[in-house]
Amino acid sequence: MSALVVQFLNGLASASALFLVACGLSIIFGVSRIVNFAHGSFYMLGAYLAWTLTRGLGWVGYGPLGFWGGILIAALIVGLIGVLIELVLLRRIYQAPELFQLLATFGVVLVVQDLAMAIWGAQDLLGPRAPGLRGAFDVMGQRFPEYEMLLILIGPIVLGLLWLLFNRTRWGTLVRAATADREMVAALGVDQRKLFTSVFFVGTFLAALGGGLQLPREPVQLHMDMAIIADAFVVVVVGGMGSVGGAYLAALLIAQLQAFMLLVPDFEIAGLTISIARMTLIPSFLVMAVVLILRPYGLLGKAPSHARTQASVEPVVRATPPILAKLGFASVAAMILLPLIADEYGLMVATEILIFVLMAASLHFMMGPGGMASFGHAAYFGLGAYGAALAAKHFNAPMEAGLVAGPVLAALGGILFGWFCVRLSGVYLAMLTLAFAQIVWSIAFQWVAVTGGDNGVLGVWPSIGKTGFFYLSLAFAVIGVLLLRRAIYSPFGYALRGARDSALRADAIGIDVKRVQWAAFAIAASFAGSAGALFAYFKGSVFPTYAAIPKSVDALMMVLLGGVQTISGPLVGAIVYMGLHEQLVRVTELWRLVLGIAIIALVLAFPQGIAGFAAKRFAKEDGA
Amino acid sequence: MLRVDGLHTYYGRAHILADVSLDAAKGEIVVLLGRNGAGKSTTLKSIMGLVPAAQGSIRFLDREIAGLPSHEIARMGLGYVPEDRRVFAELTVMENLDVGRQGPRDAAPAWTPEKLFEIFPNLAEMRNRPGGRMSGGEQQMLTIARTLMGNPRAILLDEPSEGLAPVIVEQMARTIQALKAQGLTIVLSEQNLHFALLVADRAYIIEKGRIRYSGTMAALAADEAIRLQYLSV
């Protein structure tokens with residue numbers, strides 16, 4: 001009984017921390033419609049800066065600002081950094097497509113990661129404990145730290161303060177009005193830009209405060225950003241985007257579930273030990289699944305008002321021009337001859353690029369014709385890789401079987417996750433795909449008994465030589481791309497594009513929109529799975545990072561670089577991006593920093609995408 | 001007060017407004033008449049900066065406002081009442097009014113919620129009701145009151161009579177006359193000729209994005225041929 005009470009209190013304390021981060025994300029989204037990937041980075045920065053300020057540069061005890069002063073000042077500084085980023089970066093891309101905004105903020109994530117590493121180093125940093133709160137309460141015979149008790153109180157206090165801010169000040173009234181209808185607020189004489197900047201400050205400040213308050217609870221480290229952002233996304237989606245109360249409710253629900261799961265003992269199914277207690281992301285998943293079935297826009301969220309957004313009709317995917325088709329044949333022919341001239345390294349690079357061509361083509365299928373922006377495509381790549389590797393490890397399956405097992409597992413994942421995802425659209429869908437990808441990652445990372453956790457699965461070697469494997473990858477890439485292309489021009493592809501351009505009209509002429517999209521989701525997943533399975537044999541090993549956020553971003557970059565509107569785009573994008581990435585990692589240690597800046601620069605230079613830019617250029621030339 | 005010259009507006013490649021010119025003097029009520037899709041709303045939105053004007057001049061108080069962001073135009077004292085009302089459904093009546101609030105302005109009536117409640121007595125009884133839980137007529141009153149909270153010198157009224165019961169339409173006409181009596185300049189768009197005859201001094205008729213007729217309301221009332229050509233359904 002006492003264990004249950006303590007877990008309940010633990011859940012409340014965690015909920016507070018989660019709430020601080022998630023509510024900032026939620027209000028920023030509510031007003032600016034930007035899904036701020038960098039929110040987790042602000043949380044991490046808040047923790048690092050608070051560590052520096054509370055410790056007072058290595059002195060014994062606390063720094064000149066004291067413990068609380070340090071945390072508060074750190075949060076304020078991070079808030080100002082947030083304002084700077086809003087002014088310099090986000091303000092220029094409010095009109096850009098959602099994915100570009102996501103990408104730009106992900107660029108910020110990469111930059112912050114490398115900067116944090118350069119400033120604070122890679123090792124975990126232990127923060128000071130809160131003055132006067134080092135003791136513990138006696139809760140039914142068990143010790144419960146005083147600091148946790150304080151955290152329990154902070155959540156509701158912040159919730160109350162935010163309520164006052166939103167309901168009792170003109171600023172709050174304006175923010176709520178802008179959340180509902182930005183354009184109308186502008187027409188009434190309110191400068192949205194100032195409103196956005198101030199909202200961004202508040203949100204960033206809250207995230208950094210949440211990070212700083214973690215100091216006495218856990219060491220500060222470089223993975224805090226990605227660890228919190230997935231949880232925060234789930235909380236925001238469950239609570240309802242833009243709803244502060246919903247964020248608290250969702251944080252409470254998820255944190256409580258996570259706390260009580262720790263009490264579930266391990267059990268065995270078919271010889272496999274299943275440790276629920278270790279899979280901390282699973283409860284988030286369960287809550288999200290149930291909530292999204294019952295209330296697609298979250299506990300306290302409302303359906304986005306589609307009336308106000310102008311329908312963006314994607315350009316028609318035209319038949320391949322003869323010149324491109326010839327170019328395609330020529331490049332395939334050149335690839336066939338490649339092993340004659342390339343050395344081993346060149347062959348390896350070419351193989352990797354071919355694998356990612358398949359990956360990019362599968363994501364493009366979902367995003368372009370499917371109109372479903374996925375921010376978690378690595379989930380299916382990872383599932384494919386693990387499908388192949390686990391078949392080899394646990395069942396001694398030959399490579400041929402592994403190359404089937406991978407896509408099958410990925411397709412199953414696509415069918416499961418897709419069922420939820422197609423219920424949403426736009427940025428909601430993108431966030432959900434990201435959350436699912438994080439779940440796949442966490443299972444791979446946490447289910448050590450089966451997946452080997454961080455150590456991965458080793459010794460997944462192909463049964464053919466390097467040249468043979470190159471030809472195998474070439475065959476997979478060519479056949480995969482042709483099959484996807486065939487699907488786009490089939491009646492199924494037309495139905496899919498119809499559903500993308502107008503779900504209502506497609507519905508009205510008898511297309512089961514959700515079913516068509518669900519099928520497309522599964523198809524895209526299985527092709528990504530093939531790429532993953534190939535990659536497993538290519539590398540000889542499989543790690544959780546295959547399903548991690550950076551892999552998803554890689555895939556997105558390839559598609560967006562090449563252009564969503566053309567079929568050949570992702571192929572070109574994969575080749576260019578993989579080439580760049582390969583070179584960057586070889587040239588500099590700070591490749592994240594460089595890549596992040598490159599992503600930001602690309603988004604700023606081409607807010608409509610390179611393809612959109614090119615299309616505009618061509619349109620102008622047409623008119624002239 | 002307000003002068004539009006040679007305005008062209010596009011949605012993508014579609015040419016919506018072609019060479020639209022109109023003007024409104026201080027204290028005047030000018031109506032823009034036309035059928036559905038003629039370009040009435042787009043004209044008002046282009047003036048307000050909500051839709052970018054590709055070409056042409058828009059002058060308000062002798063200052064060029066084409067290309068300015070909406071909030072700056074609103075801050076100069078040009079109010080805008082959208083056709084689909086767009087009250088903030090979550091916000092109460094008082095909060096809706098608060099969003100529209102701006103400081104007092106020279107040569108423009110200064111409004112407070114209490115003064116507005118004299119013109120819109122229905123609103124006084126539902127100060128704390130969320131905008132989403134009001135009838136269409138009440139929402140229309142609220143959206144006008146909300147714009148007036150900015151103490152505008154002139155307002156653009158997009159189809160104020162649309163979707164309202166006949167009794168409310170008459171009330172709306174009286175309201176607009178009361179605003180004119182305060183010295184407010186009003187440009188309104190309408191499909192309802194009867195309503196326009198009740199309130200307007202002058203009329204423009206727009207069809208397929210072009211101004212086809214301009215004249216006094218009395219002249220239009222007498223010209224049956226023009227009415228048949230452009231306004232009969």
Test each condition in (1) open to solvent by 30 Å² or more (accessible area, probe 1.4 Å); (2) more than 18 Å from A:Val185 (Cα to Cα); (3) assigned to a loop (DSSP other than H, G, I, E, B) for B:Arg85 and report the one that comes out false. (2)
Scanning segment A:65-100 for residues that are of a type in the set (Gly, Ala, Ser) and in contact (Cβ under 8 Å) with a residue 24 or more places away in the chain, the one surrounded by the fewest Cβ atoms within 10 Å (Cβ to Cβ) turns out to be A:Gly66
Quickly run through segment A:438-452 and pick out the residues that are modelled with pLDDT under 90, farther than 15 Å from A:His394 by Cβ and open to solvent by less than 20 Å² (accessible area, probe 1.4 Å). A:Gln438, A:Ile439, A:Ser442
Within segment B:135-179, considering residues that are among the acidic types (Asp, Glu) and crowded, with 21+ Cβ neighbours inside 10 Å, the one farthest from the other protein chains (Cβ to nearest Cβ): B:Glu138
Residue hits (segment A:588-601; surrounded by fewer than 22 Cβ atoms within 10 Å (Cβ to Cβ) and farther than 12 Å from A:Leu89 by Cβ) are A:Thr588, A:Glu589, A:Leu590, A:Trp591, A:Arg592, A:Leu593, A:Val594, A:Ala598
Tally the residues that are out of contact with any Leu (no Cβ under 8 Å at 6 or more places or on another chain) and either modelled with pLDDT of 95 or more or facing chain A (nearest Cβ under 9 Å) (or both), restricting the search to segment B:79-91. 7
Here's a check for you: in segment B:1-40, which residue that is surrounded by fewer than 22 Cβ atoms within 10 Å (Cβ to Cβ) and among the polar types (S, T, N, Q) is farthest from B:Lys208 (Cα to Cα)? B:Ser21
Regarding B:Arg146, is this residue in contact (Cβ under 8 Å) with a residue 12 or more places away in the chain, closer than 21 Å to B:Ala25 by Cα and not aromatic (Phe, Trp, Tyr)? no
Of these, A:Phe42, A:Phe19, A:Phe29, A:Phe37, which one is touching a Gly at 6+ places or on another chain (Cβ under 7 Å) and either at pLDDT below 90 or outside the structural domain of A:Leu102 (by TED's automatic domain parsing) (or both)? A:Phe29
Among A:Gly384, A:Gly406, which is more than 21 Å from the chain's Cα centre (by Cα) and either more than 22 Å from A:Met288 (Cβ to Cβ) or outside the structural domain of A:Val460 (by TED's automatic domain parsing) (or both)? A:Gly406
For segment B:192-213, how many residues are at pLDDT 90 or above and within 15 Å of the chain's Cα centre (by Cα)? 8
Can you tell me which of (1) farther than 21 Å from A:Arg193 by Cβ; (2) surrounded by 23 or more Cβ atoms within 10 Å (Cβ to Cβ) is the one B:Phe60 doesn't meet? (2)
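Please specify each residue of segment B:196-233 satisfying the condition of being within 16 Å of B:Leu157 (Cβ to Cβ) and open to solvent by less than 20 Å² (accessible area, probe 1.4 Å). Talk me through it step by step, then tell me what you get.
Of the residues in segment B:196-233, the ones within 16 Å of B:Leu157 (Cβ to Cβ) are B:196-204, B:206, B:217.
Within segment B:196-233, B:Ala196, B:Val199, B:Ala200, B:Ala203, B:Tyr204, B:Ile206, B:Met217 qualify.
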Return yes when A:Leu347 is in contact (Cβ under 8 Å) with a residue 12 or more places away in the chain, at negative phi and over 28 Å from the mean Cα position of the chain (by Cα) and no when it is not. yes
All but one of (1) more than 7 Å from every other protein chain (Cβ to nearest Cβ); (2) within 27 Å of B:Lys26 (Cβ to Cβ); (3) touching a strand residue (DSSP E or B) at 6+ places or on another chain (Cβ under 9 Å) hold for B:Ala54; state the number of the condition that does not hold. (2)
Looking at segment A:280-303, can you tell me whether even one residue there is modelled with pLDDT under 85, farther than 28 Å from A:Gly413 by Cα and small (Gly, Ala, Ser)? no
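Please enumerate the residues belonging to segment A:413-425 that are surrounded by fewer than 22 Cβ atoms within 10 Å (Cβ to Cβ) and either of a type in the set (A, V, I, L, M, F, W, C) or assigned to a helix (DSSP H, G or I) (or both).
A:Ile415, A:Leu416, A:Trp419, A:Phe420, A:Leu424
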Looking at (1) more than 14 Å from chain A (Cβ to nearest Cβ); (2) on the phi < 0 side of the Ramachandran plot, which is the only condition B:Asp98 fails? (1)
In this structure, does A:Leu9 turn out to be part of a helix (DSSP H, G or I) and touching a strand residue (DSSP E or B) at 6+ places or on another chain (Cβ under 7 Å)? yes
Considering A:Ala389, A:Ala475, A:Ala430, A:Ala410, which residue is assigned to a helix (DSSP H, G or I), without any contact (Cβ under 8 Å) to a residue 40 or more places away in the chain and among the small types (Gly, Ala, Ser)? A:Ala475
Tell me, please, whether a residue that is within 12 Å of chain A (Cβ to nearest Cβ), part of a loop (DSSP other than H, G, I, E, B) and under 15 Å from the mean Cα position of the chain (by Cα) can be found in segment B:27-37. no
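I want to confirm something. Restricting to segment B:180-195 and keeping residues that are of a type in the set (A, V, I, L, M, F, W, C) and in a helix (DSSP H, G or I), which single residue is surrounded by the fewest Cβ atoms within 10 Å (Cβ to Cβ)?
B:Ala181
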Counted residues in segment A:541-595 being in contact with a Pro (Cβ under 8 Å, 6 or more places away or on another chain) and either within 30 Å of A:Leu390 (Cα to Cα) or charged (D, E, K, R) (or both) come to 2
For segment B:50-59, how many residues are within 17 Å of B:Gly12 (Cα to Cα) and either part of a helix (DSSP H, G or I) or at pLDDT 95 or above (or both)? 0
Expected output for segment A:204-225 (first residue more than 19 Å from A:Ala130 (Cβ to Cβ), partner in a loop (DSSP other than H, G, I, E, B) and not hydrophobic (A, V, I, L, M, F, W, C), Cβ below 6 Å, 6+ apart or cross-chain) is A:Gln221/A:Asp124
Restricting segment B:99-128 to residues that are under 15 Å from B:Arg146 (Cβ atoms) and touching a strand residue (DSSP E or B) at 6+ places or on another chain (Cβ under 9 Å), the one most open to solvent (accessible area, probe 1.4 Å) turns out to be B:Arg127
Applying the selection to segment A:225-243, what residues are farther than 20 Å from A:Pro296 by Cβ and either open to solvent by 10 Å² or more (accessible area, probe 1.4 Å) or assigned to a loop (DSSP other than H, G, I, E, B) (or both)? A:Met226, A:Ala227, A:Ile228, A:Asp231
Just for helices (runs of 4 or more DSSP H) wholly inside segment A:512-624: which have at least 2 residues that are at pLDDT 80 or above? A:513-539, A:549-562, A:569-587, A:591-605
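The values are calculated or read from the model by the stated rules, or taken from the named source; none is laboratory data. This is a predicted model, so every value here is computed, not measured. Counting neighbours? That spans all protein chains shown, and the Cβs are built from the backbone with ideal geometry, glycine included. SASA here: full protein model, heavy atoms, side chains in, ligands and nucleic acids out. Shrake-Rupley method; radii C 1.70, N 1.55, O 1.52, S 1.80 Å.
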